[in-house]
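Chemist: The following block contains the structure, expressed as structure tokens.
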Amino acid sequence: MTKIREVVVVSDPTNHGALVCRVGDSQFTVGGPDGVGRISSGPNPYDLLSASLAACTAMSIRFQARRQRLPLERLEVGVSFRRGAQGERDSFARTLVLDGELDAHQRALLLEAANLCPVGRILGIGAAINTRLDATASGHSPGTQASYEDDLAQLPIPNITPD
């Protein structure tokens, strides 16, 4: 049976309330608004979603390549998240770079494996995932990505003044 690991995010009072994520023995700072007008460093929640999709995609492709004994030498998965306009679905743009002596059929098998990634299947319920094969590194433009801070500002959260 697979051991379920809980992800815990806690505020760090020694670091202006920065958020720290703990997963097993690993920990890292979660970026985003710190509640006092600054942006803390580290990946924001949208970055973490994109990282989850990229990691799961890479693992799925690698598993299929090893299982089929395909000559995949190097793999790169780039993912960026975009908020949909009003009434449109959010979307992830996923770019795959597959290096090795792979023919068209083998590349198609690995693309199919990418689309079977379990995290992608979960995220695909609420967001579109557009995947393309690319022969070069991803190099996504940060200017087109979603802004977590902007989305937080749009939430209908009442302004509560602490006692």
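Chemist: Identify the residue in segment 54-70 that is open to solvent by 50 Å² or more (accessible area, probe 1.4 Å) and not polar (S, T, N, Q) and, among all such residues, is nearest to ASN130 (Cα to Cα).
Modeler: Filtering segment 54-70 for residues open to solvent by 50 Å² or more (accessible area, probe 1.4 Å) gives 59, 62-63, 66-69.
Still in the list and also not polar (S, T, N, Q): 59, 62-63, 66-67, 69.
Details: MET59: 18, ARG62: 20, PHE63: 21, ARG66: 25, ARG67: 25, ARG69: 27 Å.
Among those residues, the one meeting the criterion is MET59.
Chemist: Based on this model, can you work out whether VAL77 counts as in contact with a helix residue (DSSP H, G or I) (Cβ under 6 Å, 6 or more places away or on another chain) and under 29 Å from ASN115 (Cα atoms)?
Modeler: Judged against the criteria, VAL77 is a match.
Chemist: Being free of Cβ contacts under 8 Å to residues at least 24 places away in the same chain, among the charged types (D, E, K, R) and more than 30 Å from GLY126 (Cβ to Cβ) is the filter here, so list the residues in segment 77-115 that pass it.
Modeler: ASP103
Chemist: Looking at ALA58, is it within 27 Å of ARG74 (Cα to Cα) and among the hydrophobic types (A, V, I, L, M, F, W, C)?
Modeler: yes
Chemist: Restricting attention to segment 37-53, which residues are open to solvent by 50 Å² or more (accessible area, probe 1.4 Å), among the polar types (S, T, N, Q) and modelled with pLDDT under 90?
Modeler: SER41
Chemist: Another question, if that's okay. Take segment 19-45 and flag every residue that is of a type in the set (A, V, I, L, M, F, W, C) and within 21 Å of the chain's Cα centre (by Cα).
Modeler: LEU19, VAL20, CYS21, VAL23, PHE28, VAL30, ILE39
Chemist: Got a number for residues in segment 78-118 being buried (at least 17 other Cβ atoms within 10 Å of the Cβ) and in a loop (DSSP other than H, G, I, E, B)?
Modeler: 3
Rundown of residues vs (1) out of contact with any Lys or Arg (no Cβ under 8 Å at 6 or more places or on another chain); (2) assigned to a helix (DSSP H, G or I), yes/no style:
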residue	(1), (2)
VAL20	yes, no
GLY37	yes, no
LEU48	yes, yes
SER52	yes, yes
THR57	no, yes
LEU70	yes, no
GLU73	yes, no
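Chemist: Would you mention how many residues in segment 51-76 are without any contact (Cβ under 8 Å) to a residue 40 or more places away in the chain and under 16 Å from ASP99 (Cβ atoms)?
Modeler: Matching residues across segment 51-76 total 8.
The values are calculated or read from the model by the stated rules, or taken from the named source; none is laboratory data. Please read these numbers as outputs of a predicted model, since none were measured by experiment. Quick reminder, even Gly has a Cβ in these numbers, built from the backbone with ideal geometry, and neighbours come from all protein chains shown. Quick note on the areas: whole protein, heavy atoms, side chains included, nothing else; ligands and nucleic acids left out. Shrake-Rupley method; radii C 1.70, N 1.55, O 1.52, S 1.80 Å.
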